Amino acid sequence: MINSKLPDVGTTIFTSMSKLASETNAINLSQGFPDFQCHPYLKERVDHYVRNDLNQYAPMSGLPALCDQIARKTAQHYQRAIDSMSEVTVTSGATEALFAAINAVVNVGDEAIVFDPAYDSYDPAIRLAGGRAVHIPLNNKFEIDFQRLDESINSRTKLIIINSPHNPTGSVLTQEQMELLQQRVLKHNLILISDEVYEHIIFDGLQHQSVNLYPDLAERSFIISSFGKTLHTTGWKVGYCIAPQNLTVEFRKIHQYLTFCTSTPLQAAIADMLEVHPEAWQQLPEFYQQKRDHLRKALEPSRLELLDCSGTYFQLVNYSAVSKLSELEFAQWLTQHHGVAVIPISVFYSEEKQQSLARLCFAKNEETLTKSAERLCQL
């Protein structure tokens, strides 16, 4: 018999809700993936490199061409110069990067702080490293409670994980909040992991407060992002981590035994895409804000309360005027009886918390969003 290291972990809610959506032929607004195509140039470049036999291992840290483009993009967007060879690592998705970063830092007995509702991979990775995840709920506005944070930091605290723009709530960290966070990290000699996979999906003229903008904080941070989110290619599982050289050395020790390297032709194609079509990421705020606004307008006649959404491609709704079911029960009922699959927010908390909230993904064609809204307006 196997003594499970994660006895309380089952199939992720994303897998189960997508499966239920498929079984019931429901519109899938649960799992965060687009139902539209990526850029034709990107597909052409993958085909080009496959046909020209760029099909063997890439360097463990990433193709130099792609690492160079990541460094160039970082300099252009955040005015931060990084070394592409010693501070950039291409990974097989952001989740792999998160796992590698956590396991590079956390030792047995260490504590790592996460803010609930939190992406579901953080806690298992911390536990597998022998650490303990300390969960601090965000406040009612989905902002960091800095008093709770101060009360939670102790001699065992090694790591803080943040995520902005925030999945699942769509909130974003402000400059003031980042400065308060930086004070704590520096004061207590902590390491930070900044999950920035939605870095370019931010709305209403707001600026993403990347750790790249805070030099002192960046020197103690792993900054993780995702080309799956940026280039509409979630199935390619290509992400990356930016970290100072001393942290990158430890990160790569883990990374090399997780996946060793990431798909070579995909890396080459993304490098070309970043060079030739930078508008692909530069125009993302406008692109997704149009989708957000389309869905919100279409849902105005509904009985659902729309919460603020400043970033990501997720819209939270409060369904308390529609149903008294628990969040999981509501998500299942909505999928089975009304043909729209959503994600319950309660699953992102370490302790049971029912707020009558559901997450809708609007990374969809307008036709999909309109059809979904028509069904939701009938509730």
Could you please find all residues in the range 39-64 being of a type in the set (S, T, N, Q) and either touching a residue at least 60 places away in the same chain (Cβ under 8 Å) or in a helix (DSSP H, G or I) (or both)? 55, 56, 61
Filter the range 349-360 for residues that are assigned to a strand (DSSP E or B) and touching a Pro at 6+ places or on another chain (Cβ under 9 Å); the one that is farthest from residue 18 (Cα to Cα) is 357
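The rows are residues; the columns are (1) within 30 Å of residue 270 (Cα to Cα); (2) surrounded by 16 or more Cβ atoms within 10 Å (Cβ to Cβ); (3) not small (Gly, Ala, Ser).
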{"site": "85", "(1), (2), (3)": "yes, no, yes"}
{"site": "94", "(1), (2), (3)": "yes, yes, no"}
{"site": "103", "(1), (2), (3)": "yes, yes, yes"}
{"site": "140", "(1), (2), (3)": "no, no, yes"}
Read through the list (1) without any contact (Cβ under 8 Å) to a residue 60 or more places away in the chain; (2) surrounded by 22 or more Cβ atoms within 10 Å (Cβ to Cβ); (3) not basic (Lys, Arg), then give the number of the only condition that residue 367 fails. (2)
Residue match in the range 16-32 (condition: surrounded by fewer than 14 Cβ atoms within 10 Å (Cβ to Cβ) and under 18 Å from residue 237 (Cα atoms)): no
May I ask you to list the residues in the range 244-260 that are of a type in the set (A, V, I, L, M, F, W, C) and either assigned to a loop (DSSP other than H, G, I, E, B) or modelled with pLDDT under 95 (or both)? 260
Scan the range 119-131 and give yes if some residue there is touching a residue at least 24 places away in the same chain (Cβ under 8 Å), touching a Gly at 6+ places or on another chain (Cβ under 9 Å), buried (at least 18 other Cβ atoms within 10 Å of the Cβ) and over 29 Å from residue 310 (Cα atoms), otherwise no. yes
Of all helices (runs of 4 or more DSSP H) completely enclosed by the range 261-348, which ones contain at least 1 residues that are closer than 30 Å to residue 51 by Cα and out of contact with any strand residue (DSSP E or B) (no Cβ under 9 Å at 6 or more places or on another chain)? 264-276, 279-282
Condition set modelled with pLDDT under 90 and in a loop (DSSP other than H, G, I, E, B), scope the range 8-29, selection nearest to residue 376 (Cα to Cα): answer is 12
How about the range 108-131: which of its residues are out of contact with any Phe, Trp or Tyr (no Cβ under 7 Å at 6 or more places or on another chain) and among the hydrophobic types (A, V, I, L, M, F, W, C)? 108, 112, 113, 115, 126, 128, 129
For the range 216-243, pairs from a residue that is at positive phi and at pLDDT 95 or above to a residue that is assigned to a strand (DSSP E or B) and surrounded by 24 or more Cβ atoms within 10 Å (Cβ to Cβ), with Cβ under 9 Å and 6 or more apart or across chains, are 237/91; 237/226
Considering the range 168-182 alone, what residues qualify as being surrounded by fewer than 24 Cβ atoms within 10 Å (Cβ to Cβ), more than 15 Å from residue 204 (Cβ to Cβ) and polar (S, T, N, Q)? 175, 177, 182
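The values are calculated or read from the model by the stated rules, or taken from the named source; none is laboratory data. This structure is a prediction, so every number in the text was calculated from the model and none was measured. Using ideal geometry, Cβ is built from the backbone for each residue, glycine included, and neighbour counts are taken over all protein chains shown.
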